[in-house]
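Here is the structure we will look at, set down as structure tokens.
The values are calculated or read from the model by the stated rules, or taken from the named source; none is laboratory data. Not measured: the values here are computed from a predicted model. Reconstructed Cβ throughout: ideal geometry from the backbone, glycine too, with neighbour counts over all protein chains shown. Surface areas here come from the heavy atoms of the whole protein model, side chains and all, with no ligands, DNA or RNA. Shrake-Rupley method; radii C 1.70, N 1.55, O 1.52, S 1.80 Å.
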Amino acid sequence: MKKYFILFVILCFGLFSAQKANIDLKNIEKNLQNKKSDFHYDKLIFKYKGLPKSLDSLEAQHLYYGRNYQKTISTSSPEFKGLADAFKDKDVDKSITLGKEIYGKDPTNLDVLLILLRGYEIKKDINNFSHHMNQLRSLTDAMKSSGDGKSEKTAYVVNSVGDEYILLNMLNIGQDYTRGSQAANGAMYDIWQKGDQKLYIKVLYTGF
């Protein structure tokens, strides 16, 4: 699975310049469920699927962190394992077919988006590639703008360990860093260290 991260780094690294944002998860949950809100989930997902380039930073933030309040596909599920096997076997057509099926149920899944991007790149399908790339940029921009990683208070906030590794690739944090972890309320802090340099990432627990 790590191989397709290279694609992500080449295409997306250095493209993010959004201002740092405070992540209010309770407010995000409330807005997503409020049908009168501009941030109601159905409104946002419709925009995300139709015209992802038009999403602003707050909308993208709601979609990314809103995954914690939606039914999603786990990487340990048979569906995702089938997709991962097809990708590992370099079966592009099957990867795209299975990826599209999971995308239909879980459209903000970063792992699925990355696999679809790789498939469409190989197929030279520019339209689908560009569409999903715009979606990926919006979601990863929300993740990267969640903090600066310099302290626990300003840690980057991610939804999963998988997303954490995507972020590490974006930030060019490699194997020369060591990881330490400490539990927090509803999350785990990972501290990545190289000499005197430290990077803090807060990994949320789903359904906290």
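Just a few scattered comments:
- Panel values: the chain, Kirkwood radius from alpha carbon pairs, Stokes-Einstein at 20 °C and 1.002 mPa s, translational diffusion coefficient 122 µm²/s.
- The apolar share of the surface of the chain, taken as the fraction of accessible area on carbon and sulfur atoms (1.4 Å probe, ligands and nucleic acids excluded), comes to 49 percent.
- GNM top mover of Phe87, Phe46, Phe129 - the chain, alpha-carbon springs below 10 Å: Phe46
- Amide H to amide H distances under 5 Å link Lys150 with Tyr200, where only residues 5 or more positions off or on other chains count and H is placed in the peptide plane.
- Sparse-neighbour loop sites [GluC sites (Glu not before Pro); the range 110-208; at most 14 other C-beta within 10 Å; DSSP]: Glu152
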